[in-house]
1. May I ask you to derive the relative contact order of the stretch 3-271, considering only C-alpha pairs under 8 Å and at least 6 residues apart, and to give it as an integer percent?
2. Using helices alone, what [θ] at 222 nm do you get for the chain, with -39,500 (n - 2.57) per DSSP H run of 4 or more residues, divided over all residues and rounded to the nearest 500?
3. Tell me, what is the percent relative contact order of the stretch 1-84, built from C-alpha pairs under 8 Å that lie six or more residues apart?
4. Using only alpha carbon positions, build the gyration tensor of the stretch 134-209, then give the equivalent ellipsoid semi-axes as the square roots of 5 times its eigenvalues, largest first, whole angstrom.
5. Indicate the gyration tensor shape class of the stretch 1-123 (rounded, prolate or oblate), computed on the Cα atoms with a ≥ b ≥ c the square roots of the eigenvalues: a/c under 1.5 is rounded; otherwise a/b larger than b/c is prolate and the rest oblate.
6. Ratio of alpha-carbon Rg to the 2.2 N^0.38 Å globular estimate for the chain, to two decimals, please.
7. Could you tell me how many degrees, from 0 to 90 and to the nearest 10, lie between the Cα long axis of helix 167-191 and the main elongation axis, the longest principal axis, of the Cα atoms of the chain?
8. Going by Cα centres, the stretch 108-131 and the stretch 20-96 are how many Å apart?
């Protein structure tokens, strides 16, 4: 491969904002961005984890910055944007990694389908959908100014295959799928190729939100976990580092003509009939 082609995948000189950057998947995203040469700004409500992550990155020669803020608070996001621009001078990419499930939005196995926790489902929907829309509204205009901005949302297999018990989360991710397509078209019509939006569709990865659904306290699989593995051709859960190839590609110049796409990283789960 020619050197100039390889450099298409570099994030050197790019400033990337990662919301939810202290979670299991978010931490993997942050590490990959730095390893690809990018400067990273972590936006998260967990200040202790965020500052620790930045300290580790800087100690290893990387460039990182942390801003504490909730993705559901527009004022806090505006403050974060101003601090990041003051620190780095620009923003080239946004990874909307904040989200996940909430316990109240999960239908317990002892509850009837007509006993859904409406408020819990609303909470899951708001966290995932508005937790993606609000940062995009705030950071988006700055990305347009870069002339080559990239926004990456986090989708899920849950809107593609009906998953029991997690309706609120699934509705939030289904809305993100539509939002990604709609917003990509609208941005393209208004700004041309100055900013693009895509999403990554992870399969099943063990995170803080789903661990108790998929594994028992002793680490063995629950019946749900076993069912997922049996329907995944690779017969295992994904590892966080297996998502970063798609992420770096979508943030890099190698994907400059890609927009509105949902990139699956699921070990074959969504294409498998289970037979």
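1. Here the relative contact order equals 19 percent.
2. Computed mean residue ellipticity for the chain: -13500 deg cm²/dmol.
3. So the answer I get is 25 percent.
4. For the stretch 134-209, the ellipsoid semi-axes come out as 28, 12, 10 Å.
5. prolate
6. Taking N as the residue count of the chain, the ratio is 0.99.
7. 30
8. The distance from the Cα centre of the stretch 108-131 to that of the stretch 20-96 comes to 29 Å.
Since every read-out is calculated from the coordinates, none of them should be taken as a lab result. Source: prediction; values computed, not measured.
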